[in-house]
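Read-outs throughout are calculated quantities, based only on the coordinates presented, and are distinct from any laboratory measurement. From a predicted model like this one, the values you see are computed outputs, not experimental measurements. Here Cβ is always computed from backbone atoms with ideal geometry, including for glycine, and neighbour counts include all displayed protein chains.
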Amino acid sequence: MFEDKIIPLDVWISSFVEWLVENYREIFQLIKWPVEKILAGFDMGLNSLPPFIVILILAFCAWRFSGWGLALFSSLSMVLIGMLGFWEDTMTTLAMVLASVLFCTIAGVPLGIAAGRNNRVEIIIRPFLDAMQTTPSFVYLVPIVMLFSVGNVAGVLATIIFAMPPIIRLTSLGIRQVHPELVEAALAFGATRWQVLVKVQIPLALPTILAGLNQTIMMALAMVVIAALIGAGGLGSPVVLGLNTLDIGLAVIAGLSIVLLAMVLDRITQSMAGKNNQ
C-alpha cells in the first residue's frame, strides 16, 4: 500500500529552506551578528587569560557555592585537562557553552515567565518545545549550515535551539509552583503585577529556574561537541578526528576532558540551585 512515497515532504522542506536562503540571507546574517560578536568576546577573553586565573575563578565559584571539596575537584580537573594538552580547545568549548547559555537565558527566562503566568502562552509554545527536545540533534545541523554556513557561530546557533527548552519549561514550572495564596497576599497589600513577579514569584521560583539553567548548560555542552561535525572548534574536533582516524587514544582523552568540564559546570550550577533553595 505504501510502497511509493505519497507525500514528498522532504522535497517541500528542502525547497522551503532554499527559498529562505535566497530571499532572506540578510536577515540571517543579522541574526548571526550578535552571536558572532559575543562568542568572539568569550573566546578571546578565555584564551587570553593565563590558565591559573581561569582555574582560580572556577575554584572560587565552586568554593563560594559548595565548599573546599568542590573547589579542589574543579582545580584538579582543570589542571588535568591542561596536562592532557586540551586547554585551548576547552576554553573554546567553554566560550561556546557560555555564549549559548547566555542567549538561552535571555530568550528562555522571559518565555518561561510568560508561559508560567498565562495558560494560553503555555499551550502555544508547548508543541514547539516538544519538537525541539525530541528532534535528534544531528537534524539541526543541515538547515543551520544552509542558513548560517559552518563554523563556531553555526554550532552555537544550533546549540541555542537544542538547549533552550529546559530553561523555558523549568522557569514556567517554578512560576506555577509559587503558592497562589502568596500572590494573593501580595496583591492584597497593594503590589502591582510587576512587583508580584519581581519580589514574590521570581525569588521563590529561583531554585527551579537555576535547575533549568543547569540542564541547559549540560545540553549545550553535549551539542557543542556534536557541532564539530559542521566545523565548530573546541573539544569536539579531537573527538571527531579520533573517530575518523580510529585513534582511540585521542578520542578517549578528548572525551575525558569533556566529562571533567561537564562535571565541574554541573556541580557548580547544582550547588547554586541548592544554595538558593536553603
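Numbers at a glance
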| read-out | value |
| --- | --- |
| Failed criterion for Ala191 (all others in (1) buried (at least 17 other Cβ atoms within 10 Å of the Cβ); (2) not in a helix (DSSP H, G or I) hold) | (1) |
| Scan of segment 201-227 for residues that are over 30 Å from Pro180 (Cβ atoms), small (Gly, Ala, Ser) and surrounded by 22 or more Cβ atoms within 10 Å (Cβ to Cβ), ordered by number | Ala220, Ala227 |
| Meets criteria (in contact with a helix residue (DSSP H, G or I) (Cβ under 8 Å, 6 or more places away or on another chain) and crowded, with 23+ Cβ neighbours inside 10 Å) for Ala163 | yes |
| Residue ranges of helices (runs of 4 or more DSSP H) in segment 125-188 with at least 3 members β-branched (Val, Ile, Thr) | 141-148, 152-177 |
| From Leu111, Leu72, Leu76, residue being farther than 22 Å from Met44 by Cα and touching a residue at least 24 places away in the same chain (Cβ under 8 Å) | Leu111 |
| Candidate set: segment 135-157, residues that are closer than 17 Å to Leu20 by Cα and of a type in the set (Gly, Ala, Ser); chosen: the one surrounded by the most Cβ atoms within 10 Å (Cβ to Cβ) | Ala154 |
